[in-house]
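Note sheet for the following structure.
The values are calculated or read from the model by the stated rules, or taken from the named source; none is laboratory data. Every value quoted in this text rests on a predicted model; they were computed, and no experiment measured them. Positions of Cβ are generated from backbone atoms using ideal geometry, with glycine treated the same way; all protein chains shown enter the neighbour counts.
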Amino acid sequence: MRKRKFPAGVSRQLIDEVIDGLMAISLAHDQLSPTQAGEMVDLSSYIRALVTHIAQPHDGLAVEVQTDDMELGMTHAVPLGLIVNEAMTNALKYAFPTGQGRILVQLLNEGQSEAALIVKDDGVGVA
C-alpha cells in the first residue's frame with residue numbers, strides 16, 4: 001500500500017481515516033440489491049461487513065453486531081456507514097489503551113420509518 005511512503009504519525013493516521021471512509025462507501029455499493037423500490041442496501045449485511053473490516057486488524061478486540069433486517073436506500077445507507085465507521089474508529093483510538101476490549105454495534109428497528117443505531121464499548125470512558 002502506498003501509505004508506507006508517508007512518515008509515521010499524523011499523515012498515516014489521516015490516510016487511514018480516508019481509506020476507512022472510502023471503504024464504508026465501497027461496502028455500501030457492494031451491498032446494493034436492485035428491488036422494485038430502486039437501489040436498496042441490506043443494512044444487516046452492510047453493517048456486519050463494515051464492522052468486520054474495521055475490527056480485523058485489532059486482535060484483542062471482541063466485536064458483536066446485532067441488527068434487525070432492514071433495507072435503506074444508498075443515499076441514506078452511506079452516511080449511516082460513515083457514522084458507524086467514525087464511532088468504531090474513535091473507540092479503537094481512545095477506549096482501549098491495552099488493545100483489549102469489546103464493542104457492540106446494534107441497529108434496531110424502532111417501528112415505522114425509525115431505527116436506533118447504538119455503538120458502545122467497555123473501554124476506559126471519557127477522560
- Query: Quick check: is even one residue across the stretch 72-90 surrounded by 19 or more Cβ atoms within 10 Å (Cβ to Cβ), in contact with a Phe, Trp or Tyr (Cβ under 7 Å, 6 or more places away or on another chain), closer than 24 Å to E39 by Cβ and of a type in the set (A, V, I, L, M)?
  - Reply: yes
- Query: How do the pairs read when you match residues in the stretch 61-87 that are on the phi > 0 side of the Ramachandran plot with residues anywhere that are part of a helix (DSSP H, G or I) and modelled with pLDDT under 95, using Cβ under 7 Å and keeping only pairs 6 or more apart or on different chains?
  - Reply: none
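Taking the residues in the stretch 19-52 that are within 24 Å of K93 (Cβ to Cβ) and modelled with pLDDT of 85 or more as candidates, determine which candidate is surrounded by the most Cβ atoms within 10 Å (Cβ to Cβ).
Y46
State the number of residues belonging to the stretch 105-126 that are part of a loop (DSSP other than H, G, I, E, B), among the acidic types (D, E) and either touching a Gly at 6+ places or on another chain (Cβ under 9 Å) or on the phi > 0 side of the Ramachandran plot (or both).
Initially, the stretch 105-126 is screened for residues part of a loop (DSSP other than H, G, I, E, B), giving 110-114, 122-126.
Subset that is among the acidic types (D, E): 110, 114, 122.
The next check asks that each one be either touching a Gly at 6+ places or on another chain (Cβ under 9 Å) or on the phi > 0 side of the Ramachandran plot (or both); those that pass are 122.
Of the residues in that region, 1 qualify.
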- Going through the stretch 35-60 one residue at a time, which ones are without any contact (Cβ under 8 Å) to a residue 24 or more places away in the chain and among the polar types (S, T, N, Q)? Q36, S45, T52, Q56
